[in-house]
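Participant: My structure is below; once you've seen it, I'll send some questions.
Throughout, read-outs are computed from the coordinates displayed, never taken from laboratory work. Only a predicted model underlies this, so the values are computations on that prediction, with no experimental measurement involved. As a convention, Cβ positions derive from the backbone with ideal geometry for all residues, glycine included, and neighbour counts pool all protein chains shown.
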Amino acid sequence: MNILLVGSGGREHALAWKIAQSPLVKTLVCAPGNPGIAKHAELKPEVKADDADAIAALAREMKADLVVVGPEVALAAGVADRLAAAGIPCFGPSQKAAQLESSKAFSKAFLERQDIPTAGYGVYEKPAEARAALDVFKPPYVIKADGLASGKGVAISPDKRDAEAEIDRMLGGRFGQAGARIVIEEFMDGEEGSLFALCDGQRALLLGGAQDHKRAFDGDMGPNTGGMGAYSPAPVFTPELVEAADTRVVQPTIAAMAAEGAPYRGVLYAGLMATQDGPKVVEFNARFGDPECQVLMMRWNQDIVPYLLACARGDVSGLPAPQFKPQTVICVVMAAKGYPDSPLEGSIIRGADQDFGPHVQVFHAGTRRRPDGLLAAAGGRVLNICAEGDDVAQARERAYLAVRKIDWPGGFCRTDIGWRALDRG
Ligand code: AMP
Ligand code: GLY
């Protein structure tokens with residue numbers, strides 16, 4: 001098979017690494033890709049992930065049997081729709097179905113309409129109305145930009161003054177068009193987890209859960225980011241929680257999307273809060289989590305390609321349930337200093353491509369290869385150091401041992417990835 005993978009981050013490097021292991025693959029091409037992905041695929045750096053026409057043209061030119069879309073920007077740009085029109089199977093939902101992620105106002109209205117558990121909310125376009133709504137909600141106030149903001153468009157404000165400042169910042173253009181509308185919602189108390197399901201438009205196969213660390217600094221302090229680390233399995237996902245999330249969130253979502261004329265194909269990422277009243281949806285994403293994908297790929301014990309293809313073709317019914325290694329995998333994200341607000345660009349990284357032994361994989365996220373062959377930082381999140389172990393403690397020790405072998409003065413990472421799981425004992 002000829003497969004085209006779309007994207008350029010750590011998630012796509014992990015997908016490329018996993019897909020390339022399949023005996024079904026003849027050629028793997030990645031657009032635009034990154035220097036780490038170059039080990040597994042032919043890169044097309046000139047083809048951008050959100051250029052639907054260019055992706056479709058490349059897919060036709062390489063006679064792709066399957067296109068696998070990594071990032072949300074490609075889905076929101078209609079890559080899946082363009083491929084559907086060209087008759088090329090695509091793993092990733094249509095633009096309409098991807099609104100579950102690309103518009104918080106859309107997904108909140110969908111959840112409300114379908115009676116799927118989530119926090120109460122309101123949508124606002126005018127600062128005065130949003131400020132007035134603070135009288136209805138109780139602190140802490142949860143304020144979200146409606147559109148895509150790379151995981152950074154959410155503020156949790158402890159008091160009204162802070163909340164008002166956030167409202168003004170977001171509606172004042174901090175996230176551009178993505179913040180032209182905002183959502184204010186009820187604060188949900190509980191532990192969070194990410195649950196993934198492979199969907200073919202009608203059916204969903206549970207892939208299992210992971211937990212990520214959204215705050216930039218140790219102790220879950222600092223600004224929200226796209227994710228500073230992850231691990232799987234996550235102890236928060238007890239069998240009861242998974243069962244409740246499947247029956248109350250995942251299956252009804254897939255059934256309702258089909259009934260509403262936007263069948264969902266691809267991976268559904270349900271960000272869930274385990275509250276006293278059971279799982280509630282924090283957010284949906286229309287793609288794999290980054291860095292949750294990295295840990296799931298290392299634990300997944302089967303050939304991934306038949307699953308991706310069956311989702312894209314619209315029938316997963318013949319496939320066995322996905323199977324995962326019992327080991328724990330932890331991912332530590334190394335980010336450029338200054339991330340998330342203003343990451344330092346261009347600092348040199350040494351030692352990222354050495355052999356770290358059988359239990360460790362280092363995936364590239366925002367890296368670039370300089371003309372002199374050196375590796376340099378080219379983004380906020382730059383490297384993903386992933387390690388497996390018999391338990392969280394062993395996985396974590398191996399991951400941080402590998403981190404210490406990388407010589408990158410321009411980078412930083414959290415030193416406490418996995419603390420929740422470790423605290424549980
Ligand atoms: P989101 O991008 O919607 O996932 O929000 C980013 C993060 O903000 C989530 O991962 C949660 O940690 C937090 N968050 C979002 N919505 C809520 C809520 N209603 N209650 C409590 N925490 C929330
Ligand atoms: N790690 C969170 C996300 O991918 O949105």
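Participant: I'd like the Karplus ³J(HN,Hα) series for the range 325-341: coefficients 6.51, -1.76, 1.60, θ = phi - 60°, whole numbers in Hz, and an x wherever there's a Gly or Pro.
Facilitator: With the stated coefficients, the range 325-341 comes to 4, x, 4, 8, 10, 10, 10, 9, 8, 9, 10, 6, 3, x, 4, x, 6 Hz.
Participant: Do any chymotrypsin sites (Phe, Trp or Tyr not before Pro) in the range 261-327 lie in a DSSP loop with no more than 10 other beta carbon atoms within 10 Å, and if so, which?
Facilitator: Sites meeting the loop and neighbour criteria: none at all.
Participant: Can you work out the FRET efficiency for the pair LYS160 and SER342, with r the C-beta to C-beta distance and R0 = 30 Å, to the nearest 0.05?
Facilitator: 0.60
Participant: Run the numbers on the range 2-45 and let me know its relative contact order in percent, using alpha-carbon pairs under 8 Å that are six or more apart.
Facilitator: Value for the range 2-45: 43 percent.
Participant: Obtain the nm distance between the two label points defined at ARG350 and ALA132 by a simple spin-label model: each point lies 7 Å from its Cα along the Cα-to-C-beta direction.
Facilitator: 6.2 nm
Participant: With each pseudo-label sitting 7 Å past Cα toward Cβ, what's the PHE187-ARG313 distance in nm, one decimal?
Facilitator: 5.0 nm
Participant: Quick query: amide H of TYR339 versus all other amide H atoms, modeled in the peptide plane; which residues come in under 5 Å with a sequence gap of 5 or more or a different chain?
Facilitator: For TYR339, whose amide H was placed from the backbone, the distant partners under 5 Å are LEU344.
Participant: Take the Cβ-Cβ distance between ASP220 and THR275 as r, set R0 to 25 Å, and report the resulting FRET efficiency rounded to the nearest 0.05.
Facilitator: 0.85
Participant: Further question on the same structure: Run the reach check for LYS214 against lysines, Cα to Cα strictly under 20 Å, same-chain hits fewer than 8 apart removed. What comes back?
Facilitator: LYS104, LYS144, LYS152, LYS280, LYS337
Participant: Run down the lysines and flag those whose C-alpha is under 25 Å from the C-alpha of LYS63, throwing out any fewer than 8 positions away in its chain.
Facilitator: List returned: LYS18, LYS26, LYS39, LYS44, LYS48.
Participant: How would you classify the chain from its alpha-carbon gyration tensor, with a ≥ b ≥ c the square roots of the eigenvalues: rounded for a/c under 1.5, else prolate if a/b is greater than b/c, otherwise oblate?
Facilitator: It is rounded, given that a/c, with a ≥ b ≥ c, falls under 1.5.
Participant: Could you sort 194-206, 88-100, 49-61 so that the peptide with the highest average Cβ count within 10 Å comes first and the rest follow in order?
Facilitator: 88-100, 194-206, 49-61
Participant: Per residue of the range 105-120, in order, report the coupling 6.51 cos²θ - 1.76 cosθ + 1.60 (Karplus, θ = phi - 60°) as ³J(HN,Hα) in whole Hz, putting x for Gly and Pro.
Facilitator: Whole-Hz 3J(HN,Hα) from phi for the range 105-120: 5, 4, 5, 5, 5, 4, 4, 5, 4, 9, 6, 9, x, 7, 6, x.
Participant: Pull up all non-local amide H partners of LEU207: gap of 5 or more, or a different chain, and H-to-H distance under 5 Å with H placed in the peptide plane.
Facilitator: PHE196, ALA197, LEU198
Participant: Can you run phi through the Karplus equation (6.51, -1.76, 1.60; θ = phi - 60°) for the range 251-256 and list ³J(HN,Hα) in whole Hz, with x for Gly and Pro?
Facilitator: My calculation for the range 251-256 gives 4, x, 5, 5, 5, 6 Hz in order.
Participant: Can you work out the FRET efficiency for the pair ALA84 and ALA255, with r the C-beta to C-beta distance and R0 = 25 Å, to the nearest 0.05?
Facilitator: 0.75
Participant: Hey, what does the equivalent ellipsoid look like for the range 213-299, semi-axes from the Cα gyration tensor as sqrt of 5 times each eigenvalue, largest first, whole Å?
Facilitator: 24, 16, 13
Participant: Calculate, in nm to one decimal, what GLN302 and GLN323 gain on full extension: separation in residues at 0.36 nm each, minus their alpha carbon distance.
Facilitator: Full extension of this stretch gives 6.9 nm more.
Participant: With N set to the number of residues, divide the alpha-carbon radius of gyration of the range 328-425 by 2.2 N^0.38 Å and report two decimals.
Facilitator: Against the empirical 2.2 N^0.38 Å value, I get 1.09 for the range 328-425.
Participant: Using a basic spin-label model with each label point 7 Å from the Cα along Cα→Cβ, how many nm lie between SER22 and GLN394?
Facilitator: Taking the two extended label points, one gets 3.0 nm.
Participant: Can you list residues whose amide H is under 5 Å from CYS30's amide H, if they're 5+ apart or on another chain and H is modeled 1.01 Å from N?
Facilitator: The answer is LEU5, GLU42, LEU43, LYS44.
Participant: Moving on. So what's the back-of-envelope 222 nm ellipticity for the chain, counting only DSSP H runs of four-plus at -39500 (n - 2.57) apiece and dividing by all residues, rounded to 500?
Facilitator: -7500 deg cm²/dmol
Participant: Counting only C-alpha contacts under 8 Å and six or more residues apart, can you give the relative contact order of the chain as a whole percent?
Facilitator: Result for the chain is 16 percent.
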